[in-house]
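**Q** Take a look at this one; I'll ask things after.
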Amino acid sequence: QVQLVESGGGLVQAGGSLRLSCAASGRTFSSYTMGWFRQAPGKEREFVAAFSWSGGITYYADSVKGRFTISRDNAKNLVFLQMNSLKPEDTAVYYCGATPFADGLQFVGYHYWGQGTQVTVSS
């Protein structure tokens, strides 16, 4: 069982930065790929980034490449999403998830989710 708690969301102006954190419970954290997804009002939850348990490979959605960076600290059971050059279209609830699959690109593969944290980017 893995429990996830996100934090770090808020209101920021376009061009600004935010750092999201996700704290995980459980002793098997390092064996999960950790991912970030987001969901805007009226839209489906979409993949943002993932950090694989296998080889430390990272994956990003095209819309955030070069602006967002995912990282993790297995010793502290933490995963982060550094978001720079934020745009109004990044506004969404951001969710942290854990999956046993190596690439973590598919929503359906995630076994555990946090409650989400709101990110609002004003123009």
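The values are calculated or read from the model by the stated rules, or taken from the named source; none is laboratory data. No experiment lies behind these values; they were computed from the predicted model shown. Note: ideal-geometry Cβ built from the backbone for every residue, glycine included; neighbour counts use all protein chains shown. Only protein heavy atoms, including side chains, enter the accessible area calculation; ligands, DNA and RNA are left aside. Shrake-Rupley method; radii C 1.70, N 1.55, O 1.52, S 1.80 Å.
**Q** Apply the Karplus parameterisation 6.51 cos²θ - 1.76 cosθ + 1.60, with θ equal to phi minus 60°, to every residue of region 100-107 and state each ³J(HN,Hα) to the nearest whole Hz, in sequence, with x for glycine and proline.
**A** Karplus-based 3J(HN,Hα) across region 100-107 equals x, 7, 5, 8, x, 7, 9, 3 Hz.
**Q** Follow-up. Can you work out ³J(HN,Hα) from phi for every residue in region 7-14, in order, using Karplus 6.51 cos²θ - 1.76 cosθ + 1.60 and θ = phi - 60°, giving whole Hz and x for Gly and Pro?
**A** 7, x, x, x, 9, 9, 7, 4
**Q** What size of dipole, in debye to the nearest 20, comes out for the chain about its Cα centre when the only charges are +1 on Lys and Arg C-beta atoms and -1 on Asp and Glu C-beta atoms?
**A** Approximately 200 debye in magnitude.
**Q** Now for a separate question. Provide the net charge surrounding Tyr95, with neighbours chosen by a C-beta distance below 9 Å and charges set as Lys +1, Arg +1, Asp -1, Glu -1.
**A** Net charge in that neighbourhood comes out at +1.
**Q** Straight-line reach only, C-alpha to C-alpha below 24 angstrom: list the lysines that Lys87 could link to, leaving out same-chain residues fewer than 8 apart.
**A** Lys43, Lys65
**Q** Can I ask one more? Applying the Karplus parametrisation 6.51 cos²θ - 1.76 cosθ + 1.60 with θ = phi - 60° to the phi angles of region 52-57, what ³J(HN,Hα) value in whole Hz is obtained for each residue in order, glycine and proline being reported as x?
**A** Going residue by residue, I get 6, 6, 9, x, x, 6 Hz, with x marking Gly and Pro.
**Q** What's the carbon and sulfur percent of the chain's accessible surface, probe 1.4 angstrom, rounded to a whole number?
**A** So the carbon and sulfur contribution to the accessible surface is 50 percent.
**Q** Still on this structure: With every protein chain present, what is the per residue accessible area of the chain (1.4 Å probe, Å²)?
**A** Dividing the accessible area of the chain by its residue count gives 51 Å².
**Q** Hey, what did the chain get for relative contact order, percent, Cα under 8 Å, at least 6 apart?
**A** Numbers: 317 pairs, mean separation 44.5, N = 123.
Reported as a whole number, the value is 36 percent.
**Q** Additional query: Regarding region 20-72, what's the average projected area of the Cα-atom convex hull, expressed in nm²?
**A** Hull-based average projected area comes out at 4.5 nm².
**Q** Now a separate question. What residues have an amide H closer than 5 Å to that of Phe68, excluding those fewer than 5 places away on the same chain, when H is modeled at 1.01 Å from N in the peptide plane?
**A** Those qualifying (amide H under 5 Å, at least 5 residues apart or on another chain) are Asn84.
**Q** Order Thr33, Thr120 by their accessible area, 1.4 angstrom probe, all chains in place, largest first.
**A** Final ranking, largest accessible area leading: Thr120, Thr33.
**Q** Now for a different question. Residues with amide H under 5 Å of Thr91's amide H, sequence separation 5 or more or different chain, H placed in the peptide plane at 1.01 Å from N; which?
**A** Amide H neighbours of Thr91: Val121.
**Q** Further question: How big is the accessible area of Ile70 in square angstrom, nearest 10, if you roll a 1.4 angstrom probe over the protein chains?
**A** Roll a 1.4 Å probe over it and Ile70 shows about 10 Å².
**Q** Next up: Between beta-carbons, use under 15 Å as the cut-off and find the net charge around Val108, counting Lys and Arg +1, Asp and Glu -1.
**A** That works out to -2.
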